[in-house]
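To start, the structure itself, in structure tokens.
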Amino acid sequence: MLSSIFGGSGGGGGGSIRSKRTSVSGGGPSEVIDAGSIRSQTTDATVVSPLRQLLDAVNMSILPHDLRLSSITQACGFFDHRDRMTHDAELQEGAAFILYQKLSFALALGSQIQSYGDGFGVGQGGLDGTAASVISGSGTTSPATGPTPRFRASVDSSDADHEIALLCSCLEMVHRASPDAIAATWYDIGEDVLPLLVRVMERPFLKLTQAQATARLQQAQLRAKTSSASGTMYSTATLIGSVDTATLSATTRPIINRDLKLAVQKVTKLLAMYSLVPEAKYPLAHCPGLLAVLVKIIDTRHMNRVRPHGPGGTLHPPSHYNSSESFNGVRGSSAGAGLIMTEAARFNTVATLTNLAAAEQNRITMLAEPMLVDNIARIVQNERSDVARQCSALALMNLSNGDKDHVPEMATELLLETLMTLMKDDMPETRRNAAVALFNVACADENTVRVAQFRDGVILDALVEVVSNDDQDDSRANAAETLFNMACSDAPETTHIMASHPGLLESLALVLKSQTATIDVKMYCAATLRRMAEIIRHPMVAQGALLTALVKASSWTRTPDIAEAMEFHAEYEANRLPMAQHHGLLNSLAKLALEPGQGQEAPKVHHAAVSAVERLARDETARPVLAHNESIMAALTRASYGSNGEPSSTGGSIDGGGSSVGTREQMVQVALKNLVAAM
């Protein structure tokens, strides 16, 4: 799915290449580059394609800023199409290399704005006649004229913000290429440009932090004047710390403009494309600062969340806010729901993290990144897109797989709540991924207790519901395997909660009689019942539910699990009388001994059932009950003879139960004799 979304499509306009008439130089008749065709043009007997002309123009456009911006704007119009083969040619011609160089230059200039002001339009000189002629297609130069470009700066954007957004848009456009072309670009320059992409994504959050610090200082200065007038003196640190978040939020102006958001959106799209390259996964996950800024982009609680309240839209922190957490204070934006970053940027980020988590060597690093797992989980609660939720489920499944030493750290209430929600999702693949993630989490004993206890067993209910009624076989099998995995936990709290959970054992038994459940689902359910029979003992309240479930499941003979469950349960002396007295159990046990089925497991079923009867007969108090059951007496009588119908003597081969056939049949004969005596 992700490869189809990010393999070479995305962002910007679509359709075929259209001619853009954008004049970037003058001083004579305006010349244009026709983006609707890649036709050769002859200049001094040298054939130069329009693509090459454009790239040379962008490459040589340095100062002044207007000339550089015009060439980038023209490049946006040129690259804005959906022809993969043409984009492949653009990458092969070095378009990404030139655009990344320009991005580096723009970031370097942008970092000086605080010290020198917006100097993007400052500077002397520019291009010489040769370079300018490449842009205009003529030998003359003039200021940029012509129609208004399609890509406009937002009202509150700086020149730096707009230029960086245009460059990121161009980069995203040329990467709408084939997977092979994108991989080739990564091999050439990918790892070297990652720091640039990190800087682009950090810019909105750095500006936000600076604006908050400035607003906090201004508020502190205002309070200092007020306190001075009243004759009360406070230290600067005390005054700054006394500024409440609500006041700070209301006074911080909206500095996260459209161009900043657009740049982040395009860069996250690039990262999503690169993350599909196998060799890129490790460098991406281990690039300094990259995971941290991706976590901020999908953070819908701290860095991104705002909640307007009251008249005038005054902002106040969320109810769960504390002073150690950051709150942005940015007024509601066009992204909706008070989120700074666009929905597309968050989705691209989740897709990137999902792809990176698929690499085994990245999981520990990603699990160690603060708030990464939590923010992925919150997407399920906050995003409207079904695809984003599907990606979140896949990311959680990937992160929880394969490293049991770190899985316990994932079992937070937020994660468990998220997985429970995903297991009820409308999309089958999402439910499946959530069930697998929950299984992975339950591989650690520390987590099985949390899963079983969560909200009084609500996850157990969700698992049982999936096992019993889900229409997807994979989801049912994963949920059934999760229950079995939890039942095998060494933590007694887990098994006790499962044994006592209302309806769990009976539901597993009913699945064994279902006409829709697959053989895999039924095998896990039968194995879980067998495991619970080993754990539950008299006088536990759950024993009655277990015995009822075993009676209902006694028709299952594809595996010996149910017969073995009765055998194991009868091993414990205190269990024998309750078993003998439980309604229907002796008849079910006798039927398993007399009619073990026709499959390969039939001998094991027969052996386990007979062994269970023999063990019950060892209890003197249970003998009268067994002796008056005709089916039990018939089963023991038949078992007292060998396979050829003749009484057996001692000796013989060793069967699957690990005991001598002759010895077992002698024990059966002794049991039969004792029952006859008890009649």
#### Entry: Inter-residue pairs, beta-carbon under 8 Å, first under 24 Å from residue 387 (Cα atoms) and in segment 354-365, second aliphatic (A, V, I, L, M) and not in a helix (DSSP H, G or I), 6+ apart
355/276
### Query
Tally time: how many residues in segment 575-617 are on the phi > 0 side of the Ramachandran plot and free of Cβ contacts under 8 Å to residues at least 40 places away in the same chain?
1
#### Entry: Index of the failed condition, residue 555 passing every other in (1) open to solvent by 20 Å² or more (accessible area, probe 1.4 Å); (2) in contact with a helix residue (DSSP H, G or I) (Cβ under 8 Å, 6 or more places away or on another chain); (3) among the small types (Gly, Ala, Ser); (4) part of a helix (DSSP H, G or I)
(4)
### Task
Answer yes or no as to whether residue 494 is within 20 Å of residue 357 (Cβ to Cβ), among the hydroxyl-bearing types (Ser, Thr, Tyr) and without any contact (Cβ under 8 Å) to a residue 60 or more places away in the chain.
no
### Task
Filter segment 568-620 down to the residues that are within 46 Å of the chain's Cα centre (by Cα) and among the polar types (S, T, N, Q), then identify the one that is modelled with the lowest pLDDT.
598
### Query
Can you spot a residue in segment 69-84 that is part of a loop (DSSP other than H, G, I, E, B) and within 17 Å of residue 168 (Cβ to Cβ)?
yes
### Query
If the Cβ limit is 7 Å and pairs must be 6+ apart or interchain, which residue in segment 163-186 that is farther than 25 Å from residue 63 by Cβ pairs with which residue that is surrounded by fewer than 24 Cβ atoms within 10 Å (Cβ to Cβ) and hydroxyl-bearing (Ser, Thr, Tyr)?
176/9
### Message
Just the residues that are closer than 24 Å to residue 411 by Cα, open to solvent by 10 Å² or more (accessible area, probe 1.4 Å) and touching a Leu at 6+ places or on another chain (Cβ under 9 Å), please, taken from segment 477-534.
### Response
478, 497, 501, 524
#### Entry: Enumeration of residues in segment 352-375 that are open to solvent by 20 Å² or more (accessible area, probe 1.4 Å), under 12 Å from residue 398 (Cα atoms) and outside any helix (DSSP H, G or I)
358
### Query
open to solvent by 40 Å² or more (accessible area, probe 1.4 Å) and charged (D, E, K, R): does that describe residue 473?
yes
### Options 277, 306, 293, 264: the member that is modelled with pLDDT under 80 and either among the acidic types (Asp, Glu) or open to solvent by less than 30 Å² (accessible area, probe 1.4 Å) (or both)
306
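The values are calculated or read from the model by the stated rules, or taken from the named source; none is laboratory data. Since we're looking at a predicted model, the values are computed, not measured. Cβ sites come from the backbone with ideal geometry, for glycine too, and all protein chains shown count toward neighbours. For the accessible areas, the whole protein counts, side chains as well, though only heavy atoms, and no ligand, DNA or RNA atoms are used. Shrake-Rupley method; radii C 1.70, N 1.55, O 1.52, S 1.80 Å.
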